[in-house]
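As structure tokens, the structure follows; a few thoughts come after it.
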Amino acid sequence: METIPTVAERRTESWREELRQGMKAKERTAIHRVEMNELDPDYRSHNNEEVNQGLTEEQALREAQRCLDCVTPTCMEGCPVSIQIPSFIKNIERGNFLEAARVLKETSALPAVCGRVCPQEKQCESRCVHVKMKKAPVAIGYLERFAADYERESGQIAVPECAPSKGIKIAVVGSGPAGLSFAGDMAKRGYDVTVFEALHEIGGVLKYGIPEFRLPNRIVEVEIDGLRKMGVQFITNCIVGKTISYDDLHADGFRGIFVASGAGLPNFMNIPGENLIGVMSSNEYLTRVNLMHAASTDADTPVFRGKHVAVIGGGNTAMDSVRTARRLGAARAMIVYRRSEEEMPARIEEVKHAKEEGVEFLTLHNPIEYLGDENGRVKHMRLQRMELGEPDASGRRRPVPVEGAVETIDVDEVIVSVGVSPNPLIPQAFAGLEISKRGTIIVGEADMRSSLADVYAGGDIVRGGATVILAMGDGRRAAAAMDEALQECKL
């Protein structure tokens, strides 16, 4: 595994000094933040083409000039995978795009993915020094995507350096972002890594949960192929706990296990009518469309194409679902959310895109009942109008019903997106594993180690539902901790 130069060491390189001297800080802060190139809303809302089109070389070079190359880069404090942000951006500024991509891949297994779906506005960009100056932050996410895309399209994809094989087998349960991040870091350290995936395709939530118009599968495939070139092996259609057991993994010689099985069990609201035909979870809806190709005309089990579709929830998954419904022909696609738009957990960009594509937002509304027709298909939805009261435990103002304010609207499809829980199969498969009341695996915050000495865990199976980049950060921490334990013969 290669030794990565420190932030300070890289900052003092002569070419970096020349860049800083070549343009005054005042000139850099005067440059306006770049805007992402996007497909026209009327056009894109009828197809699955990627909405964000990326930056041109000229735009990337100009945006990279906005970075002040701070002595103490606070932006890095907001990055769960510790990307050396100024280093990759300054490589873009000097036109060395391939080196920028290489810097990204030192600590991130999925830079092209993160450049598209990470909530940079809440993480690295929120810590940018420009924000303190009341200016728009450097578009770190856009630049990350640019560098990763440039490398892929150039055909000169670098494979990170890996240490010689230690001959030690490591198992990963689940091929989502946490599992892939962990696998990449362990492969770099010289371990023989095998990833076990329950579904027929690798990628986890990146494949089944995020639509093509936001994250094309071909992008995910290239990132996964990079891990294969590092020696990571993938086994699909294999459910740990059913196909193979914890004891089987031991018998096969696996010294350490990282559980990254996600949170695929959908939550429902337990209101009347949820069992009607046409009411489903966002997990089922997106998995069928994204992974099972149920929207194709020749699908064996086609998904119903609702004309009046309500999506319950205000997160990114809700936005993905409602925008998918628009693309499948919904004349009226609605977000129903019990709080105000300001409280929505979805990314601002996702809300913006949804509005541009004709999605209605029924905020401060909560469904209380679904009504069906004589065939048992959902036909109407009763909505309770809400208002915001005092803040709850999350810090957001609690929604309370407005007495007597109930309305009924027509729907022929309802997609429930109100959170997820871990599938109970994995905890059951590992006897002695300490589990929380929510069904998540309890681990040490610093090392991601569970109550079983050889089992580490991360991502949604620990967090109960979070972001791609937080899951990847868990994978990196777990890899560092497991490597240390193995080297000290504590596993």
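Okay, here's what the table says:
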item: Residue check, M76 of a type in the set (A, V, I, L, M), without any contact (Cβ under 8 Å) to a residue 60 or more places away in the chain and outside the structural domain of D474 (by TED's automatic domain parsing); result: no
item: Of residues in segment 86-111 being within 21 Å of the chain's Cα centre (by Cα) and of a type outside the set (V, I, T), the one nearest to E221 (Cα to Cα); result: L110
item: Matching entry among G444, G404, G465, G432 (being assigned to a loop (DSSP other than H, G, I, E, B) and closer than 27 Å to R338 by Cβ); result: G465
item: Test for C118: is it in the same structural domain as N52 (by TED's automatic domain parsing), within 30 Å of V193 (Cα to Cα) and either of a type in the set (D, E, K, R) or modelled with pLDDT under 95 (or both); result: yes
item: Total residues in segment 289-342, condition of a type in the set (D, E, K, R), more than 30 Å from E387 (Cα to Cα) and touching a Pro at 6+ places or on another chain (Cβ under 9 Å); result: 1
item: Residue within segment 357-376 that is among the acidic types (D, E), part of a helix (DSSP H, G or I) and surrounded by fewer than 16 Cβ atoms within 10 Å (Cβ to Cβ) present; result: no
item: Selection status of G313, touching an Asp or Glu at 6+ places or on another chain (Cβ under 9 Å) and within 30 Å of G473 (Cβ to Cβ); result: no
item: Within segment 406-458, tally of residues that are within 22 Å of L486 (Cα to Cα) and either surrounded by 17 or more Cβ atoms within 10 Å (Cβ to Cβ) or of a type in the set (K, R) (or both); result: 13
item: Helices (runs of 4 or more DSSP H) fully within segment 151-247 counting 2 or more residues that are over 30 Å from E349 (Cα atoms); result: 177-188, 217-229
item: Among the residues listed as I426, I409, the single one being touching a residue at least 40 places away in the same chain (Cβ under 8 Å), outside any loop (DSSP other than H, G, I, E, B) and within 30 Å of A331 (Cβ to Cβ); result: I409
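The values are calculated or read from the model by the stated rules, or taken from the named source; none is laboratory data. This structure is a prediction, so every number in the text was calculated from the model and none was measured. Heads up, the Cβs are rebuilt from the backbone with ideal geometry, glycines too, and the neighbour counts pull from every protein chain shown.
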